[in-house]
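Okay, so here's the structure we're looking at.
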Amino acid sequence: MKTYTFTEKKDTRSGFGAGLTELGRTNPNVVALCADLIGSLKMNQFIEENPERFFQIGIAEANMMSIAAGLTIGGKIPFTGTFANFSTGRVYDQIRQSIAYSDKNVKICASHAGLTLGEDGATHQILEDIGLMKMLPGMVVINTCDYNQTKAATIAIADHEGPVYLRFGRPAVPVFTPEDQVFEIGKAIQLQEGSDVTIVATGHLVWEALEAAKVLHAQGISAEVINIHTIKPLDYKAILDSVAKTGCIVTAEEHNHLGGLGESVARVLALHHPTPQEFVATNDTFGESGTPAQLMEKYGLNSDTIVAKALKVMKRK
């Protein structure tokens, strides 16, 4: 069994800030827009180095999306930044009409996604954004797992022609993916090879999946762990190749079980390889106030739940 360790924890939003800073130095067409949350989105260094390429829109997220769409007409590559709730739910009409329908080259970068925004509570948390964004024709949807992967994804999406939704978070989480990785949109990453059960996870749940695999290994169960960082386009082959070996699957995400990664995987299985599946996700609910750790525990978004679902799904084979 391959062992993953980490020497530090860092927030994924800082990975976005680092990636944006690097793009500022290497791609003169990259511009950034923010809705009054520069510090939260870690945009400070990009702004210091490229003040003429930054636009502070203020608390006017819908206007930010429309401006970003307009900037693409002149060949710019706009990166918008605000909380995930305000990046999607508040501005869905502008994204649909001005960005997705027109296939504009806008990168919608969303911090503080899911429950782990924490104490700000349900009005600021969002657990339905993946579903909202993946339903838009032509929209790429990415949900990264750690600092290094977020930095690599931020850099990679600048080269993708078309709209992208990049989702990341607020809390410090283990940094366990390579610093020098090359991010490939739509290509899942097998982290652990196994033969008894497949665990596919996205975002903050990837590390929890690896921790669950350790517990299962101690019980004599071989779990295959796959990092699904790109939810759309989804890597069908990685999923189907894995379930062909294991015969069952658990999906894990910091999102509602309706509309997220789990449902996308279920569709693949229904069409190509019907397979027992269990879901680790929130159960059609809004969030609440609490620390990220408390909320992940209360809503079962952790390694303990992944282990329990793996044991359950194996009995359904």
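Within the stretch 234-261, whose backbone N sits under 12 Å from a point 7 Å along Cα→Cβ of His272? The answer is 234-244, whose backbone nitrogens lie closer than 12 Å to the label point.
Over all other residues within a Cβ to Cβ distance under 11 Å of Asp120, the charged ones net out to -1, with Lys and Arg as +1 and Asp and Glu as -1.
With the highest mean first, a sort of the peptides 153-164, 2-13 on other beta-carbon atoms found within 10 angstrom per residue produces 153-164, 2-13.
Listed peptides 25-32, 141-148, 294-301 appear in the order 141-148, 294-301, 25-32 once ranked by packing, highest mean of other Cβ atoms within 10 Å at the front. In the chain, the alpha-carbon atoms span a convex hull of 117 Å³ per residue.
Would you mind checking the stretch 212-230 for residues with the amide N under 17 Å from a putative spin-label position 7 Å along Cα→C-beta of Thr3? Answer for this model: 212-220. The C-alpha atoms of the chain define a longest principal axis, and helix 205-218 lies at about 20 degrees to it. Take 111-124, 43-56, 249-262 and order them by the average number of nearby Cβ atoms within 10 Å per residue, most first; the result is 249-262, 111-124, 43-56.
Taking the Kirkwood radius as Rh and the Cα radius of gyration as Rg, the stretch 202-301 has a ratio of Rg/Rh equal to 0.97. Ranking of Glu22, Glu224 by neighbouring Cβ atoms within 10 Å, starting from the fewest: Glu22, Glu224. Residues whose amide H falls under 5 Å from that of Thr198, counting only those 5 or more places apart or on a different chain, are Glu224, Cys248, Ile249, Val250, with hydrogens built in the peptide plane.
Laboratory data are not the source of any read-out in this text; all were calculated from the coordinates shown. Quick caveat, the model's predicted, so the values are computed rather than measured. A quick note on method: Cβ atoms are made from the backbone with ideal geometry, for glycine too, and the neighbour counts reach across all protein chains shown.
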